[in-house]
1. Take the conditions within 17 Å of GLU35 (Cβ to Cβ) and part of a loop (DSSP other than H, G, I, E, B) and apply them to GLU130. Does it pass?
2. Are any of the residues in the range 100-108 part of a strand (DSSP E or B) and modelled with pLDDT of 95 or more?
3. Being in contact with an Asp or Glu (Cβ under 9 Å, 6 or more places away or on another chain) and either among the charged types (D, E, K, R) or exposed (fewer than 15 other Cβ atoms within 10 Å of the Cβ) (or both) is true for just one of GLU92, GLU68, GLU152, GLU130. Which residue is that?
4. Considering only residues that are in a loop (DSSP other than H, G, I, E, B) and either under 22 Å from THR141 (Cβ atoms) or free of Cβ contacts under 8 Å to residues at least 40 places away in the same chain (or both), which ones fall in the range 57-84?
5. Looking at ARG42, ARG54, ARG38, which is the one that is at pLDDT below 95, touching a strand residue (DSSP E or B) at 6+ places or on another chain (Cβ under 9 Å) and exposed (fewer than 15 other Cβ atoms within 10 Å of the Cβ)?
6. List the residue pairs whose Cβ atoms are under 8 Å apart, where the first residue sits in the range 123-143 and is in contact (Cβ under 8 Å) with a residue 60 or more places away in the chain, the second is part of a strand (DSSP E or B) and of a type in the set (Phe, Trp, Tyr), and the two are 6 or more positions apart or on different chains.
7. Residues that are among the hydrophobic types (A, V, I, L, M, F, W, C), at pLDDT below 95 and over 19 Å from HIS109 (Cβ atoms): does the range 20-28 have at least one?
8. For GLY64, only one of the following conditions fails: (1) farther than 19 Å from ARG46 by Cβ; (2) at pLDDT below 95. What is its number?
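The values are calculated or read from the model by the stated rules, or taken from the named source; none is laboratory data. Quick caveat: nothing in here was measured; it's all calculated off a predicted structure. Don't worry about glycine lacking a Cβ; one is built from the backbone with ideal geometry, like all the others, and counts go over all protein chains shown.
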Amino acid sequence: MTDRLALLLPEEARARRDELIALCAQAFAGAPWHEPPRGALRTVDRLLDSAARRPDFHAAAALGPDGELLGLAAGWTDTVLSGDAPAFELAELVVAPAHQGRGLGRALHDALLVAAGAGPALLMTLDVPELTDRYARWGWTVVGRSRPAREERDYAVMRRG
C-alpha cells in the first residue's frame, strides 16, 4: 500500500480545509448519512474553527502517494458526551468512498487513539447497525442513545476504555 498515515497539527488541518470539505461531502453523501454538501461545510467549519484551536486537538490523516487526503480522524478531550469526567471524544472519522474497505478507517481510528493517550474515549454516531457494529468490533460499547437538538435521527453514544 502506498498510502501513509500522518498526525496533523491544527494549522496543517486548517491548510487542508478545501480538501476536508470535499472529503466529507463525498463520504457523507451516501448511506447511511445521506447528508447534503452544506453538512460537510458545517462539519469542517466546526472542526477547524473551534476544535482545532483547542490545545488537546488531535488529528490523523491518511494520505495518498501524492499527498492527497484520503481520510481523517479527529478528536479532543471534553465532557460533552460524558457529562462529568473529561474523556477523549472521537469526533470525526471519515474516509473517501473510493478508499473505503481497505482498512484506512481502522488505521486512522487506532492512530488517533494512540495520539490521544491512555484513558476512556467516547464517540457519538448514527444509531444504525452498519456503524455501531463496526465500532463494537473495534472495542466500543453503546452506553446511551439520544436525539440531539435539530436532528431527525437517533444517535448512539459509545465508550471505549
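1. Details: within 17 Å of GLU35 (Cβ to Cβ): yes; part of a loop (DSSP other than H, G, I, E, B): no.
So GLU130 does not fit the description; no.
2. Applying the first criterion (part of a strand (DSSP E or B)) to the range 100-108 yields none.
No, that holds for no residue.
3. Details: GLU92 fails: in contact with an Asp or Glu (Cβ under 9 Å, 6 or more places away or on another chain); GLU152 fails: in contact with an Asp or Glu (Cβ under 9 Å, 6 or more places away or on another chain); GLU130 fails: in contact with an Asp or Glu (Cβ under 9 Å, 6 or more places away or on another chain).
When all the criteria are applied, what remains is GLU68.
4. Initially, the range 57-84 is screened for residues in a loop (DSSP other than H, G, I, E, B), giving 57, 64-68, 79-84.
Listed by number, the residues that qualify are ASP66, GLY67, THR79, VAL80, LEU81, SER82, GLY83, ASP84.
5. Numbers: ARG42 fails: touching a strand residue (DSSP E or B) at 6+ places or on another chain (Cβ under 9 Å); ARG38 fails: touching a strand residue (DSSP E or B) at 6+ places or on another chain (Cβ under 9 Å).
Step by step, each of ARG42, ARG54, ARG38 is checked, and only ARG54 is at pLDDT below 95, touching a strand residue (DSSP E or B) at 6+ places or on another chain (Cβ under 9 Å) and exposed (fewer than 15 other Cβ atoms within 10 Å of the Cβ).
6. LEU126/TYR155
7. Looking only at the range 20-28, we keep the residues that are among the hydrophobic types (A, V, I, L, M, F, W, C), and these are 20-25, 27-28.
Those left that are additionally at pLDDT below 95: 27-28.
Now drop any that are not over 19 Å from HIS109 (Cβ atoms), which leaves none.
Within the range 20-28, none of the residues are among the hydrophobic types (A, V, I, L, M, F, W, C), at pLDDT below 95 and over 19 Å from HIS109 (Cβ atoms).
8. Only one criterion in (1) farther than 19 Å from ARG46 by Cβ; (2) at pLDDT below 95 is unmet by GLY64, namely (2).
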